[in-house]
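Structure record follows, encoded as structure tokens.
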Amino acid sequence: MSIGYQFEQGVATLTFNRPDKKNAITGEMYEAIVRHLREAATDKAVRAVLFTGAGTAFTGGNDLKDFGDPKFARPDSPVLSFMQALATFEKPAVAAVNGMAVGIGVTMLLHCDLVYAAEGAGFSMPFVNLGLVPEFGSTLLLPMIAGRVRAAEALLLGRPFNAAAALAMGIVNAVLPPAELLAHAQGIARSFNALPPGAIRETKLLLRQAQATPVHEAIMREAAAFGPRLAGPEAREAIAAIREKRAPDFSRTG
């Protein structure tokens, strides 16, 4: 499944574990994460979940091979199920971004409660570069978190940015030396063992309640635009260019 799972000291750690593929996420991996999140939601021993990546990457985002599946952006697709599961997860979700985070590797952070990044971690949301549109409610959440102009720069240009910029945008809580990152994130996640779970759960609900319906609507609105674009000429050209290791030519696709 390429999703590592470990439970220790009240924390369920989910690890993107395809280091040879920059931890790119497949449909099976999304399905595994959804199962683990659902199990964690009902297991009283789990007080928080922690996301991280194996090797030198957090995740390179969606596996491009899955983009060829016409079911990819359907409401019952594994990726949409993952989005809904994380967006509605009631327990604390912590992320330790140990390396590159691309696409959904960044947008998922907008749904985590506490995010820590390693110095040298890189972030990018290159949806437009692939002829696509942003996903996971990022067109709603990123302007709220980072401000409209920073969100526009990140989403309209699709350019990568570093951990310091992610901190300034409010995407991450802190930037740490790589050797200290995981232990710090684990310590934060374990701190929920000493806090009352009911109060934590209700506080998280109150923090997100006003956004719950708009976030769901944004996720589905983006998915409705994402699917047709995935089958469109711009996405086909962008993906072909990546596979052929050349610059894309959008001069005839607009």
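Each value in this text was obtained by applying a stated rule to the coordinates, not by laboratory testing. Quick caveat, the model's predicted, so the values are computed rather than measured. Cβ coordinates were reconstructed from backbone atoms using ideal geometry, including for glycine residues, and neighbour counts include every protein chain displayed.
Summed over all non-identical Cα pairs, the Kirkwood treatment of the stretch 151-230 gives a radius of 16.3 Å.
The alpha carbon centroids of the stretch 28-96 and the stretch 101-122 are separated by 13 Å. Of all DSSP beta bridges confined to the stretch 1-156, the antiparallel ones make up roughly 25%.
What value, in deg cm²/dmol to 500, does the helix sum -39500 (n - 2.57) over DSSP H runs of n ≥ 4 give at 222 nm once divided by the residues of the chain? Spell out each step's value before the answer.
Working: 9 runs with 115 residues, N = 254.
Calculated at 222 nm, the ellipticity per residue is -14500 deg cm²/dmol.
Rounded to whole Å, the principal axis extents of the Cα atoms in the chain read 59, 37, 37, largest first. Bridging of LYS22 to lysines at a Cα separation below 18 Å is possible for LYS65, LYS245, once same-chain residues fewer than 8 apart are set aside.
For LYS91, the lysines whose Cα comes closer than 19 Å to its Cα, not counting residues fewer than 8 places off in the same chain, are LYS44, LYS204.
Shown for the chain are the DSSP H helices of 15 Å or more along their axis, judged by Cα atoms, with a mean Kyte-Doolittle hydropathy of at least 0.0: 178-190.
Any idea what the alpha-carbon Rg over 2.2 N^0.38 Å comes to for the stretch 1-78? Display every interim value, and only then the final one.
Numbers: Rg = 13.4 Å, N = 78, 2.2 N^0.38 = 11.5 Å.
Against the empirical 2.2 N^0.38 Å value, I get 1.16 for the stretch 1-78.
Normalising the average separation of contacting C-alpha pairs (under 8 angstrom, six or more residues apart) by the number of residues puts the relative contact order of the stretch 132-254 at 37 percent.
For the stretch 98-141, the direction-averaged projected area of the alpha-carbon convex hull comes to 3.2 nm².
Over the chain, what is the relative contact order in whole percent, taking alpha-carbon pairs under 8 Å and six or more residues apart?
Numbers: 471 pairs, mean separation 48.6, N = 254.
The value is 19 percent.
Distances between every pair of Cα atoms in the stretch 46-159, grouped in 5 Å steps from 0 to the bin holding the largest one, split as 2, 11, 20, 24, 23, 15, 5, 1 percent. Ranked by the mean number of other Cβ atoms within 10 Å of their residues, highest first, the peptides 131-139, 13-21, 35-43 come out as 131-139, 13-21, 35-43.
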